[in-house]
């Protein structure tokens, strides 16, 4: 029987998944977490699908060897590409990605059925969001666009200002601009299909306007995790002991950079000494 006090494993190709971890910590305040950022091999979003699957399985195995009771794939690319392989390898372990919760939220939010998805090249090319949305609402019209530069802007901290605004307008104008509205092709819901993208939420909102619903899968993923753990009887009801480590941070490269950039994503300072370097 799985120990309810065991940690929850969370992994991403880098620091972006810390936005999901932040939501998980809020939703599951009594839990211990181990977060792994595969920073030596990021980004996953431009990699071949077979490579993404291999990396995801290695990251997942590393966390399983540390005794996690559940695994959260806080990477849209890995969720879009590697979930079937991971489900086959880790049978019996609660496994949650960010795509299906995001699709649920998008279908619930849309009024017209016109939904736009933005993500990395691999996420968009793989079509997982499109398939998940259409499975839930077959009459939906889903448009997807890769917005790779958003990742670099988020990591550099250039989330506002002229550069961020210009990039957002270039990416999002065709989806939400005047021409799209004239053709009645403008979406009323936008899915942020990358964990980096919430860092640019204010700039994105300024470009697409206030009428468009923005779906950030972090919160709904955290709620999904809570529901699944409760169903499996795995919620930890014991408060953290004094001196306990409710969060363990792992990275495959660059502890100092992980800490510096990750602080913005997690919403609190991270010291480089908090980050343990591991080899997958």
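Annotations
- Theoretical FRET efficiency, 1/(1+(r/R0)^6), r = Cβ-Cβ of residue 274 and residue 3, R0 41 Å, to 0.05: 0.95
- q = 0.22 Å⁻¹: log10 I(q)/I(0) that the Debye formula gives for region 1-85, counting C-alpha atoms only: -1.02
- Across the chain, the mean sequence separation of Cα contacts (distance under 8 Å, 6 or more residues apart), normalised by length, yields a relative contact order of 26 percent.
- For region 1-109, the relative contact order is 32 percent, taking Cα pairs closer than 8 Å that sit 6 or more residues apart in sequence and dividing their mean separation by the residue count.
- Ratio of the Cα radius of gyration of region 100-217 to 2.2 N^0.38 Å, where N counts its residues: 0.98
- Pairs of Cα atoms in the chain fall into 10 Å distance bins, from 0 up to the last occupied one, in shares of 7, 30, 36, 20, 6, 1, 0 percent.
- Label point at residue 137 placed 7 Å out along Cα→Cβ; residues across region 211-231 whose backbone nitrogen lies under 15 Å: 212-216
- In the chain, the calculated helix contribution to ellipticity at 222 nm averages -14000 deg cm²/dmol per residue, counting -39,500 (n - 2.57) for every DSSP H run with n ≥ 4.
- When you count the other C-beta atoms within 10 angstrom of each residue and take the mean per peptide, 76-87, 219-230 line up highest first as 76-87, 219-230.
- As a rough guide to protection, the peptides 93-101, 108-116 ranked by mean Cβ packing within 10 Å, highest first, stand as 93-101, 108-116.
- Percentage relative contact order, region 100-217, counting C-alpha pairs under 8 Å, at least six apart: 35
- Note on region 143-203 and region 28-83: Cα centroid distance 25 Å, given to the nearest whole angstrom.
Values in this text are rule-based calculations from the coordinates and carry no lab data. Predicted model only: the values in this text are computed from it and were never measured. Here the Cβ is made from the backbone with ideal geometry for all residues, glycine too, and neighbour counts use every protein chain on show.
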